[in-house]
């Protein structure tokens, strides 16, 4: 009973506390509701740099969740580590009428490791909270304080960090002493910074947004930062875990990383350095030497999340990686760099933003430490620059994949930082090519074999098979092709990890009832092996440009041996579509008891006008229709 009374008292107090801030859902301006799954009612972010090693964050926010799609937009996430300490978190939950129906505090948050496989901040943890409420709408009102013992990374202000989120009001204020200088970059912001000096003599930078409409989610949109609003802030001088520094551009930041984080961390045991010379002693080509050393590193080490040195920015000592056989992305790059140096091959430690879905580049005109999450290695061979990701034990030498291809990165050298661009895998390079020989009998049973090669980005299309046993591989290949009643008789994979890597799949199988027999007719799916599965929905009044992040080319040729005594019921399909963003051909030729089916689909990466989207809808509708084409043969009388 006492607990019930206490809860009642708390709710009464909360009701009084929020009496002056009415968060009834009905008060949301009607013009903010289109496309919105949630609305930020009020947000105040205050950052004060009291000293280079003492930054205070105070965040207050009220957000109304309108429907289930808005649940993730109200997800409260607070990162913390030994340099960023949470001081307090508290909040309340309001119903649609603005009345308190619950409360939460720090103890209600789940605390998990925030590091992913490629994070620079390996010691980071995150407290996060989503209320278990399924009655919409509801409103979360909360605030929290964080003390940060650094002045290097302030994060970005993103008032509308996602599509489907409207903003009634959001204010961001950055305060600092007059001698603490910052740079900032406004991106897609409808307002400009207001600067002033407050009563305490601090410089203040303030941005405020009101009545920002939600941006609707549109397929094939560019990277969100290109059309949503944000502000990036970076200091001229800073301190991070006792280490000081200064930078105003990428050259200076790269120099600081090299001098403060990398220098004197690449010493190897003498025997390891000598072993590198031994295993490459019969090679004259430096690139082949590098390949040999890279493969040595892959066999010797494994990736593991490690926290070493100033907040996770600094790599493990190369000698420790050599001794222990593991490291994170920073440590493994640093170690590989040291191994290469043992045979007089210079390389660059490169900072990059890794992302499979978008090619995210470092901004050329604004240097900051929080634009990257991964480290890769670059070897600047003359006329043949080579790139390597050192975290995988399986990917080939010189292969990056779609996580880090085609984007600006920062190479950290003794002379300073250099912005470089990673290689681009083109639509022509990203090739999947399949040749199949099938036979279908009068009972509709299919037998056959096919060989498929994967190159470029598509080299990794079967990577998820490689660590599995044969039984599991068979199950997965049946899922990939989706041919009913498929019985796999033989399945083989081969990976050529040369400088132009290729994965080859060889499959022999049979499938009963592949073709249907009815009233003297034989029906079967012409394209049994490769379906795009894309059926784009219509988007009226599209706003965003069309962005195809990664292009590819699929080529299929299937030869069917048909049962004797059948002829084609209607004309063979012959489709040819040629658009700036893609090409599609589907052709069939019947010659006696043989049918040849040829298909080619190419999607060309790039950014196109918003009007292109409707053309893409029509394009994929045609592809889908023809990929699902059922061919019909009629039994002849003779």
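The values are calculated or read from the model by the stated rules, or taken from the named source; none is laboratory data. All of these numbers come straight from a predicted model, not from anything done at the bench. With ideal geometry, Cβ positions are generated from the backbone for all residues, glycine too; neighbour counts draw on all protein chains shown.
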Report task. Return only the number of the condition from (1) in contact (Cβ under 8 Å) with a residue 40 or more places away in the chain; (2) part of a helix (DSSP H, G or I); (3) over 28 Å from the mean Cα position of the chain (by Cα); (4) surrounded by fewer than 17 Cβ atoms within 10 Å (Cβ to Cβ) that residue 626 does not satisfy. Result -> (4)
Query raised in the report: Is it the case that the stretch 256-264 has a residue that's modelled with pLDDT of 95 or more and surrounded by fewer than 15 Cβ atoms within 10 Å (Cβ to Cβ)?
Result: yes
Report task. Those residues that are more than 30 Å from residue 214 (Cβ to Cβ) and either in a loop (DSSP other than H, G, I, E, B) or out of contact with any helix residue (DSSP H, G or I) (no Cβ under 8 Å at 6 or more places or on another chain) (or both), I need them from the stretch 540-560; list them, please. Result -> 551, 553, 554, 555, 556, 557, 558, 559, 560
**Report entry** Test for residue 524: is it closer than 30 Å to residue 228 by Cβ and crowded, with 16+ Cβ neighbours inside 10 Å
**Finding:** no
Report task. Say whether the condition of being in contact with a helix residue (DSSP H, G or I) (Cβ under 7 Å, 6 or more places away or on another chain), farther than 22 Å from residue 185 by Cα and without any contact (Cβ under 8 Å) to a residue 60 or more places away in the chain is met by at least one residue in the stretch 371-387. Result -> yes
Requested in this report: Determine, yes or no, whether residue 289 is more than 30 Å from residue 125 (Cα to Cα), assigned to a helix (DSSP H, G or I), over 30 Å from the mean Cα position of the chain (by Cα) and in contact (Cβ under 8 Å) with a residue 60 or more places away in the chain.
Outcome: no
Report task. Kindly list the number of the only condition in (1) surrounded by 18 or more Cβ atoms within 10 Å (Cβ to Cβ); (2) touching a residue at least 24 places away in the same chain (Cβ under 8 Å) that fails for residue 321. Result -> (2)
**Report entry** Residue count for the stretch 324-365, restricted to those that are in a loop (DSSP other than H, G, I, E, B) and surrounded by fewer than 17 Cβ atoms within 10 Å (Cβ to Cβ)
**Finding:** 8
